[in-house]
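Notes follow the structure.
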Amino acid sequence: MADRLRPVRRGIYLYFRLLGQQMKSILAYQADFVVLLFSAVVVQLAGFLFIWTIFQRIPSINGWTFWQVVTMYALIFITEGVGSLFFEGTWMLGWLVWSGQFDQMLVRPVSPIIQVIAYRVGFNGLGNIVTGFTLIGLGIANSSVQWSAGRVLMLVVLVASAATIRVALNLGTAASGFWIRNPWSMVPMFVHQLGELAKYPITIYSLGVQALIVVAIPFAFVSFFPTAFIFGLDAWSLPALLTPFVAVYCLFVAVSIFRRGMRNYESSGH
Amino acid sequence: MPLIEAKGLTKQFRQAVKEPGLVGSLKHFVTRKYTDKLAVDHIDLSIEAGESVAYLGPNGAGKSTTIKMLTGILVPTSGSLIVDGLVPHEKRVQNAKNIGVVFGQRTTLWWDIPVIESFNLARDMYEIPVKRYKANLAEFTELLGLGEFMNVPAGKVSLGQRMRADLCMALLHDPKMLYLDEPTIGLDIAVKDSIRKFIRRQADERGTTVMLTTHDLGDIEDICNRIVIIDKGKIIHDGGLAALKDNYARDRVIHFQLARPPESIETIRAGLPTSELTTDGLRLSVRFDRFEHQAGEIAAVVMRHVEVIDFRIDEPEVEDLIRKVYLGQLSLTSAGEAALAPAGA
Amino acid sequence: MRGVTKYVSFSKASLQIMLVYKSSLAVNMIGTVFYVIAMFYLWQTIFVNQPGAMGGFTWPEMKGYILVSFLLNSVMTWYDEWTMGRDIREGLVAVDLARPIDFQAKRFADAIGPIPIELFSALVVAAVVAVAFGGVALPADGTHAILFILSAVLATITKFGLVYCVSMVAFWTTGMTGISVARMAIQNIFSGALIPLVFFPGWLRSIAAVLPFQGLVSTPALTYLGKMDWPTTVLMLTVQAAWAAGLILLGRLAWRGASRAVTINGG
């Protein structure tokens with residue numbers, strides 16, 4: 001049993017090794033690092049300011065309160081931050097394939113997925129994560145729900161699942177680079193930006209849009225449903241419980257697409 | 001039991017036939033047309049452990065495609081390929097542990113971090129035992145002169161330094177096979193020389209099997225004992241360098257410098273019926289097959305008819321030979337006579 | 001004005017380069033498009049529950065504001081602080097110093113080259129959104145329409161002046177992406193792109209009033225909607241023009257200082 005887990009352990013170890021190296025080289029540019037962090041925080045604060053300004057004049061949006069919307073924002077920030085900090089390399093996949101640099105990765109005795117995601121580190125993600133967690137903390141503080149141990153555990157699972165969905169969407173769309181031989185393809189960015197919609201309660205959208213972000217590209221499970229859970233809104237809590245499954249499903253699909261892409265790359269040449 | 005054994009190895013690519021521009025793209029979307037390109041055509045290749053093989057061919061001949069299949073990056077269309085008992089593309093990770101690769105145009109080092117950190121990462125990736133890693137690193141650092149830029153990021157070192165670091169990177173884990181793709185391209189003579197010596201030494205000392213693709217014939221002469229030439233997907237020569245020269249580079253040219261222009265070329269020609277004479281003022285050149293005549297013979301005949309001040313002999317140039325193959329002027333049929341295509345064909 | 005022709009050719013070249021990297025433009029647009037869509041749905045929900053006006057805006061007016069804001073933000077996105085960073089890094093600054101051209105004018109010519117494409121793409125998107133949601137306010141009247149165009153031009157110049165000034169930081173630092181993002185975030189808040197400035201609490205409004213950013217979105221958008229009385233309109237347009245000129249001037253001064261440093265230290 002331990003032997004079968006070994007490649008997994010090695011993979012994780014090497015991932016952190018590679019990531020660590022990237023971080024070291026970035027930290028060498030200290031000024032840049034600080035500015036990146038600062039800019040990420042400013043962007044998120046702008047969003048917070050926006051909601052705050054609106055809620056000065058209206059009590060709720062479609063029945064959703066200020067702190068609930070803040071929590072949705074926070075979840076988008078946190079998950080985006082995790083993506084930037086730990087999986088930034090995914091954005092480079094299109095370029096890596098197009099330039100032939102991906103060959104390098106195939107020649108090494110390490111999983112190419114790990115090498116790709118560790119290829120870059122986006123420190124702005126740190127700013128996003130910190131701001132996000134601050135906001136979600138505030139949101140939780142303003143939730144009238146009773147926090148039992150089970151509930152807290154579920155919260156952790158939900159945040160982890162939300163991040164997983166985000167990362168999986170990123171990986172799956174980036175893998176389009178195996179077929180679309182354009183180094184800066186629109187596909188990953190297109191899907192990523194859909195997250196903008198998930199900053200607000202999905203009830204404001206038309207049915208079509210709702211179907212899009214619940215079923216097709218499940219951003220609703222990143223922010224909306226977990227928020228419902230945090231605020232104890234039973235009507236929406238059932239879908240919230242589906243979130244971990246959605247996460248696993250998305251991850252599975254993303255890795256499958258990546259594997260298929262790799263197979264295509266290996267047979268069709270470049 | 002050969003280390004690398006390929007039988008009937010084939011790679012066929014499907015290329016979409018698309019007219020340029022937007023109209024072409026739309027048309028292609030509707031009716032897809034493909035051409036099949038046979039990059040590697042049922043080649044048989046057998047390499048024993050410890051050999052150093054030069055893999056040559058004009059651009060587009062199928063060299064990189066073959067190497068990609070050997071390294072497990074590309075899946076063959078048909079045929080069998082076994083490298084050290086493994087099928088490369090099926091057991092990619094295991095195969096990767098056995099091989100070291102140096103791409104002349106791209107580096108295997110991480111761009112933004114110091115060279116030594118790339119080496120440390122290699123140690124972790126290939127699970128090199130610490131003692132072995134330290135020993136190898138020390139040896140390569142000394143032989144390749146890496147000490148002076150060990151702490152510089154790969155993106156900031158010169159091309160020559162980068163190549164040396166890439167070589168070190170490729171050999172740290174004691175691979176059984178070393179693949180080199182244009183390793184000395186763009187380097188100055190001194191660096192080329194030291195790199196060739198280094199590779200030769202590693203091959204001799206560790207028994208590493210080397211496979212080298214290059215356009216630089218100096219690489220071949222210094223490193224390899226066997227040449228495989230591929231053209232249009234097929235292997236057209238597979239044998240030793242000496243045999244290649246003996247079989248196909250049989251021409252020699254003696255250039256004579258004369259005291260006076262020769263009175264009659266015809267008389268000289270009469271004495272050397274199977275040779276080719278050209279004359280230009282005070283110069284006379286004789287091209288002859290060295291298996292038919294010896295240089296001394298030729299010189300003797302010439303000097304009987306004219307006064308010779310000086311002369312020099314051109315050795316058979318593998319470079320010329322290969323160039324002729326690339327230009328299609330020479331088709332190497334299997335270990336037989338080289339057939340010369342008429343000039344201008 | 002023979003001098004102008006060379007700058008026109010810079011603009012043309014810049015446009016051609018942008019067309020090569022079409023997908024880059026598309027990527028820039030995608031983000032803002034989804035943002036606009038989210039805004040439309042959000043405000044629609046707000047206005048549905050609140051009949052009448054909010055902050056003095058009716059729903060059609062708010063739609064108009066959002067779309068005008070989108071159009072103004074879509075223009076001159078190709079030019080940002082990163083350009084200067086790259087120019088310095090690749091020694092293009094030294095090259096340009098040796099040429100008989102005005103550095104700032106050249107950058108301006110480069111920046112406005114892609115505008116026709118940016119504008120066209122943005123108009124298409126805006127049109128689609130407008131048709132989908134319907135009922136978007138049009139310019140208050142002919143005069144306001146003309147003044148709007150004037151204000152939009154001033155806004156573009158202001159944007160250029162702003163980015164140019166900020167990009168001077170490139171002489172002292174390496175990566176410019178963070179700076180660009182920070183500038184855009186601050187700009188979004190204080191230009192009124194995020195939300196009309198009238199919604200801000202008093203103290204924030206006061207800050208916005210003394211900053212150049214309001215000239216980027218708020219002034220032109222309000223002119224379009226005819227939301228300001230004549231004295232205010234004239235005042236705001238004057239302020240906008242003053243900032244535009246001021247930033248250009250500041251850029252020239254900063255450049256003189258920086259280029260002196262370059263020629264002394266060798267880039």
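The values are calculated or read from the model by the stated rules, or taken from the named source; none is laboratory data. Here the structure is a predicted model, which means the values were calculated and not measured. Heads up, the Cβs are rebuilt from the backbone with ideal geometry, glycines too, and the neighbour counts pull from every protein chain shown.
Can you find a residue that is surrounded by fewer than 18 Cβ atoms within 10 Å (Cβ to Cβ), β-branched (Val, Ile, Thr) and either out of contact with any Cys (no Cβ under 7 Å at 6 or more places or on another chain) or at pLDDT 90 or above (or both) anywhere in region B:154-172?
There is no residue in region B:154-172 that is surrounded by fewer than 18 Cβ atoms within 10 Å (Cβ to Cβ), β-branched (Val, Ile, Thr) and either out of contact with any Cys (no Cβ under 7 Å at 6 or more places or on another chain) or at pLDDT 90 or above (or both).
Which residue out of C:VAL153, C:VAL124, C:VAL163, C:VAL129 is of a type in the set (Val, Ile, Thr) and closer than 16 Å to C:SER11 by Cβ?
C:VAL153
Collect the residues in region A:77-136 that are in a loop (DSSP other than H, G, I, E, B) and of a type outside the set (Gly, Ala, Ser), keeping them in residue-number order.
Matches in region A:77-136: A:GLN101, A:VAL107, A:ARG108, A:PRO109, A:VAL110, A:TYR119, A:ARG120, A:VAL121, A:PHE123.
Inside region A:75-102, can you point out the residues that are surrounded by 22 or more Cβ atoms within 10 Å (Cβ to Cβ) and charged (D, E, K, R)?
Within region A:75-102, just A:GLU80 meets the criteria.
Which one of the conditions (1) part of a loop (DSSP other than H, G, I, E, B); (2) at pLDDT 80 or above does B:ALA343 fail to meet, given that it meets all the rest?
Among (1) part of a loop (DSSP other than H, G, I, E, B); (2) at pLDDT 80 or above, the lone unmet condition for B:ALA343 is (2).
Considering (1) farther than 30 Å from C:LEU197 by Cβ; (2) of a type in the set (S, T, N, Q); (3) touching a helix residue (DSSP H, G or I) at 6+ places or on another chain (Cβ under 8 Å), say which one A:SER99 fails and leave the rest.
Just one mismatch for A:SER99, condition (3).
Looking only at region B:28-82, count how many residues are assigned to a strand (DSSP E or B), surrounded by fewer than 15 Cβ atoms within 10 Å (Cβ to Cβ) and under 22 Å from the mean Cα position of the chain (by Cα).
2
Do we have any residue at all in region B:119-142 that's without any contact (Cβ under 8 Å) to a residue 12 or more places away in the chain, farther than 25 Å from A:ARG10 by Cβ and small (Gly, Ala, Ser)?
yes
Out of the residues in region B:101-144 that are of a type in the set (Val, Ile, Thr) and touching a helix residue (DSSP H, G or I) at 6+ places or on another chain (Cβ under 7 Å), state the one that is farthest from the other protein chains (Cβ to nearest Cβ).
So, considering only residues that are of a type in the set (Val, Ile, Thr) and touching a helix residue (DSSP H, G or I) at 6+ places or on another chain (Cβ under 7 Å), the one farthest from the other protein chains (Cβ to nearest Cβ) is B:THR141.
Condition first: hydrophobic (A, V, I, L, M, F, W, C) and more than 30 Å from A:ARG6 (Cβ to Cβ). Now tell me which residues in region A:92-113 satisfy that.
Let us first name the residues in region A:92-113 that are hydrophobic (A, V, I, L, M, F, W, C), namely A:92-93, A:95-98, A:102, A:105-107, A:110, A:113.
Matches in region A:92-113: A:TRP95, A:TRP98.
Select from region C:87-137 the residues that are aliphatic (A, V, I, L, M), assigned to a loop (DSSP other than H, G, I, E, B) and surrounded by fewer than 19 Cβ atoms within 10 Å (Cβ to Cβ) and list them in ascending order.
The initial filter retains those residues of region C:87-137 that are aliphatic (A, V, I, L, M), namely C:88, C:92-95, C:97-98, C:101, C:105, C:109, C:111-112, C:115, C:117, C:119, C:122-132, C:136-137.
Add one more test, that the residue is assigned to a loop (DSSP other than H, G, I, E, B), and what stays is C:98, C:101, C:136-137.
If the condition is that a residue be aliphatic (A, V, I, L, M), assigned to a loop (DSSP other than H, G, I, E, B) and surrounded by fewer than 19 Cβ atoms within 10 Å (Cβ to Cβ), then C:ALA98, C:ILE101 are the ones that fit.
Is it the case that A:THR131 is surrounded by 23 or more Cβ atoms within 10 Å (Cβ to Cβ), of a type in the set (S, T, N, Q) and without any contact (Cβ under 8 Å) to a residue 60 or more places away in the chain?
Criteria not met by A:THR131.
Here is a yes/no grid of residues against (1) farther than 30 Å from B:SER158 by Cβ; (2) at the interface with chain A (Cβ under 8 Å from one of its Cβ atoms); (3) touching a His at 6+ places or on another chain (Cβ under 6 Å):
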| position | (1), (2), (3) |
| --- | --- |
| B:THR35 | yes, no, no |
| B:HIS42 | yes, no, no |
| B:SER46 | yes, no, no |
| B:LEU56 | no, no, no |
| B:ALA61 | yes, no, no |
| B:VAL83 | yes, no, no |
| B:ILE99 | no, yes, no |
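So that you can scan it fast, the table gives a plain yes or no per residue for (1) in contact with a Gly (Cβ under 9 Å, 6 or more places away or on another chain); (2) at the interface with chain C (Cβ under 9 Å from one of its Cβ atoms); (3) exposed (fewer than 14 other Cβ atoms within 10 Å of the Cβ); (4) of a type outside the set (Phe, Trp, Tyr):
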{"residue": "A:ARG9", "(1), (2), (3), (4)": "no, no, yes, yes"}
{"residue": "A:GLN30", "(1), (2), (3), (4)": "no, no, yes, yes"}
{"residue": "A:GLY47", "(1), (2), (3), (4)": "no, yes, no, yes"}
{"residue": "A:GLY63", "(1), (2), (3), (4)": "no, no, yes, yes"}
{"residue": "A:THR71", "(1), (2), (3), (4)": "yes, no, no, yes"}
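May I ask you to say which residue of C:MET76, C:MET29, C:MET84, C:MET18 is more than 14 Å from every other protein chain (Cβ to nearest Cβ) and assigned to a helix (DSSP H, G or I)?
So the residue among C:MET76, C:MET29, C:MET84, C:MET18 that is more than 14 Å from every other protein chain (Cβ to nearest Cβ) and assigned to a helix (DSSP H, G or I) is C:MET84.
Scan the helices (runs of 4 or more DSSP H) fully inside region A:155-270 and keep the ones with 1 or more residues being within 16 Å of the chain's Cα centre (by Cα), surrounded by fewer than 21 Cβ atoms within 10 Å (Cβ to Cβ) and within 14 Å of chain C (Cβ to nearest Cβ).
It comes to A:187-193.
Would you confirm whether or not region A:97-113 contains a residue that is under 20 Å from C:ALA26 (Cβ atoms), among the β-branched types (Val, Ile, Thr) and without any contact (Cβ under 8 Å) to a residue 24 or more places away in the chain?
Within region A:97-113, not a single residue is under 20 Å from C:ALA26 (Cβ atoms), among the β-branched types (Val, Ile, Thr) and without any contact (Cβ under 8 Å) to a residue 24 or more places away in the chain.
Out of the residues in region C:32-55 that are part of a helix (DSSP H, G or I), more than 7 Å from chain A (Cβ to nearest Cβ) and free of Cβ contacts under 8 Å to residues at least 60 places away in the same chain, state the one that is surrounded by the fewest Cβ atoms within 10 Å (Cβ to Cβ).
C:VAL48
Can you list residue pairs whose Cβ atoms sit under 7 Å apart, with the first residue in region A:20-46 being in a helix (DSSP H, G or I) and the second being at pLDDT below 85 and acidic (Asp, Glu)? Count only pairs 6 or more apart in sequence or on different chains.
Within 7 Å, the pairs are A:SER25/B:ASP112.
For region B:85-96, what are the residues that are within 14 Å of another protein chain (Cβ to nearest Cβ) and either at positive phi or in a strand (DSSP E or B) (or both)?
Scanning region B:85-96 gives a single hit, B:LEU86.
Do you know which residues across region B:219-261 are more than 24 Å from B:VAL286 (Cβ to Cβ), in a strand (DSSP E or B) and not hydrophobic (A, V, I, L, M, F, W, C)?
Initial filter on region B:219-261 (more than 24 Å from B:VAL286 (Cβ to Cβ)): B:219-243.
Next cut, in a strand (DSSP E or B) only: B:226-231, B:234-240.
Hits for region B:219-261 are B:ARG226, B:ASP231, B:LYS234, B:HIS237, B:ASP238, B:GLY239, B:GLY240.
Assess whether C:THR58 counts as being farther than 24 Å from A:LEU36 by Cβ, more than 21 Å from the chain's Cα centre (by Cα), more than 14 Å from every other protein chain (Cβ to nearest Cβ) and of a type outside the set (Asp, Glu).
yes
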